[in-house]
Amino acid sequence: IETLVSRCDVTGDGLLQMEQVAAALLPEQENFLLLFRRETPLENSVEFMRIWRCYDTDSSGYISAAELKVTSLPVCMKMFDKNQDGRLDLNDLARILALKENFLLKFEMEACSHEDRRRDFEKIFAHYDVSNTGALEGAEVDGFVKDMMELVKPSLSGSDLDKFKQVLLGHCDINRDGKIQRNELALCLGLKLNP
């Protein structure tokens, strides 16, 4: 252990950071593992879902060994695959990336007046519309769906997320452009927005 610390401790403080250990154990793939060195949690599920989609290239709902392309895969999987199924799932990645608490937990839509619900809706929509286009698309829809689903099913798989995303798009995407416009989501939620 002293040899590992002396070889990897570039700061000289006697402590090893996640990226230092990752670089020592898996030097060819440190770019992948450096994603996991986050000292602060991810701010939102949209960023998390962008990372997820980047690695789950076959949209199987899991990040497989082939998608990782890690030569020292047993070490990587032992470190991160908590259920030891040989794949990283959404829950594994959320734990690794230290995703902040589900944003939707801050709101109680049923217990408020219509004006409070409308105001909360605006905050929620703005949180997920990171591109600020007035529509949720791509990872923005993924992040919104992930957080919604986690309210009722804490352990969520990638395939669950994709199924619910299709249901949500089928129900809310009135103009069928593959996006959820602000007014479309409000309509689905039964909210009347001010013009």
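So if each residue of separation counts as 0.36 nm, and I subtract the Cα-Cα distance between residue 119 and residue 106, what length gain in nm does that give? Computed gain between residue 119 and residue 106 is 3.4 nm. Label-to-label distance, residue 54 versus residue 152, with points set 7 angstrom from Cα along the beta-carbon direction: 3.1 nm. Checking every one of the GluC sites (Glu not before Pro) in the range 126-195 against DSSP loop status and a limit of 16 other Cβ atoms within 10 Å picks out 137. Taking 25 Å as the cut-off for C-alpha to C-alpha distance, list the pairs among 163/192; 123/179; 82/106 that go past it. Those over the limit are 163/192; 82/106. Each residue of the range 165-182 is assigned a 3J(HN,Hα), and the resulting list reads 4, 5, 5, 4, 4, x, 7, 9, 7, 5, 8, 6, 9, x, 10, 10, 5, 3 Hz, derived from the Karplus form 6.51 cos²θ - 1.76 cosθ + 1.60 (θ = phi - 60°), x at Gly and Pro. Quick one: if the Förster radius is 45 Å, what FRET efficiency do residue 84 and residue 176 give, using the C-beta to C-beta distance and rounding to 0.05? The calculated FRET efficiency here is 0.60. Solvent-accessible area per residue in the range 105-177 equals 53 Å², computed with a 1.4 angstrom probe and all protein chains kept.
The values are calculated or read from the model by the stated rules, or taken from the named source; none is laboratory data. Owing to the predicted nature of the structure, the values given are computational and were not obtained by experimental measurement. Heads up, the Cβs are rebuilt from the backbone with ideal geometry, glycines too, and the neighbour counts pull from every protein chain shown. SASA here: full protein model, heavy atoms, side chains in, ligands and nucleic acids out. Shrake-Rupley method; radii C 1.70, N 1.55, O 1.52, S 1.80 Å.
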